Amino acid sequence: MSKGKLRCAIVGCGGIAQVHAGVLSRLESAELAAFADIRPERAQALAEKHGGRAYQTLDALLAEERLDVLHICTPHSLHLPMAQTAAERGIHIFTEKPPVISHAQWEEFQQLEEQVRVGVCFQNRYNPSTAFCRELLASGEAGRLLGARAFVTWRREAPYYTESGWRGSLSTEGGGALINQAIHTLDLMVEFMGPGRVLGASLANRHLPGVIEVEDTLEAAVEFAAGRGLFYATTAHCVDAPVLLELVCERLTLRIEGEEVTVRRSDGVERRDFSQSAGQAAGKSYWGASHGRCIEDFYRCVQSGERFPNDTAGVAHTVELMLEIYDRARGKQ
């Protein structure tokens, strides 16, 4: 493919689209051409800020624009059908998480790469803290991984759901604390620990009964390739606390909390703060600030022909584990 700019558009102009638009407007390999949203004022606001044209529907956008890449930032249930619409036109796809909300959708999603390049925005794989831990583990200094634990304790109150028009519903969101908030942390567990098998899981709605259909709390025990993992996520906390992920190894323990890493060895403790090198996202800091690195790498891979790490094969273990956790927690296994 040509090394020139890739012409791109964003469908879904809510909060996370602001992050994508900010990245794309600064990316030398991208030309941000258009926006679409069922609330036309949101698409218009982004068009006025970043340039390009605004549309009320994806179909209207695609009828007028020639695109190389479509960024999908819509409600979860729309990710697959919109990706299929783009792929039928030969347009590459970069989608927000989760790529799908069901096993049936996942089977169809994996077929998209027969037509186009596909990327999923698991941006925390690109965090400096993640890179540091990955390199330390690869060096052999830590020894064999033994197990891990993860905690996501954030706050989501009723307006977050009721004012969105789609969150809190199983048919459109697909789930709650796991699929929407904590999927990035589950993804990092898979990145470090390998594929997993669910030993047991449960979910509950602790603080918003009668308001939402989805869980605000979920826990799971997972047997990963590298050892046992314990996972806990809730949106019933009083604040959005930094995510905690701890990796226990033979010779040391790695603790990632936000962008700070603590390395605990037998001879002492080392603390590394990567917050200054993490970059700044235009959204919430606890999302992880590496959207720019992730998006830039996707565009680089599309232009060079290299494989993008977050393609369908690259995210398969995470997506399949997420769906398996929900199956077990909902009593389907």
If you place +1 on the Cβ of every Lys and Arg and -1 on the Cβ of every Asp and Glu, how big does the dipole about the Cα centre of segment 118-236 come out, in debye to the nearest 20? 240
Percentage relative contact order, the chain, counting C-alpha pairs under 8 Å, at least six apart: 19
Antiparallel bridge percentage (DSSP; both residues within segment 139-231; nearest 5): 75
Whole-angstrom gap from segment 70-109 to segment 112-178, using each part's C-alpha centre: 17
Between [x] 0.99; [y] 1.03; [z] 0.96, the structure-derived Rg/Rh (Cα atoms, Kirkwood Rh) is [z]
Work from the charge dipole of segment 25-79 (Cβ charges, +1 for Lys and Arg, -1 for Asp and Glu, about the Cα centre) and give the residue of A34, A60, A47 farthest towards its positive end. A47
Over the chain, how many pairs of lysines fall under 28 Å by alpha carbon, counting only those 8 or more apart in sequence or from different chains? 8
At a probe size of 1.4 Å, how large is the accessible area of W154, to the nearest 10 Å²? 10
With +1 at each Lys and Arg Cβ and -1 at each Asp and Glu Cβ, the charge dipole magnitude of the chain around its Cα centre, to the nearest 20 debye, comes out at 440
Dipole magnitude (debye, nearest 20) for segment 46-138, charges at Cβ of Lys, Arg, Asp, Glu: 340
Quick check on the chain: helices-only [θ] at 222 nm, where DSSP H runs of length 4 and up contribute -39,500 (n - 2.57) each and the sum goes over total residues. Nearest 500, please. -9500 deg cm²/dmol
Top positive-direction residue, dipole computed over the chain with Cβ charges, set V23, P98, A158: V23
Rank A148, V120, H207 by how far each Cα sits towards the positive end of the charge dipole of the chain (+1 on Lys, Arg Cβ; -1 on Asp, Glu Cβ) and give me just the farthest. A148
Rounded to the nearest 5, the percent of DSSP beta bridges in the chain running antiparallel is 60
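The values are calculated or read from the model by the stated rules, or taken from the named source; none is laboratory data. As the structure is a prediction and not an experimental result, all values here were calculated from the model. With ideal geometry, Cβ positions are generated from the backbone for all residues, glycine too; neighbour counts draw on all protein chains shown. Just so you know, the surface numbers come from the protein's heavy atoms only, side chains and all, with ligands and any DNA or RNA stripped out. Shrake-Rupley method; radii C 1.70, N 1.55, O 1.52, S 1.80 Å.
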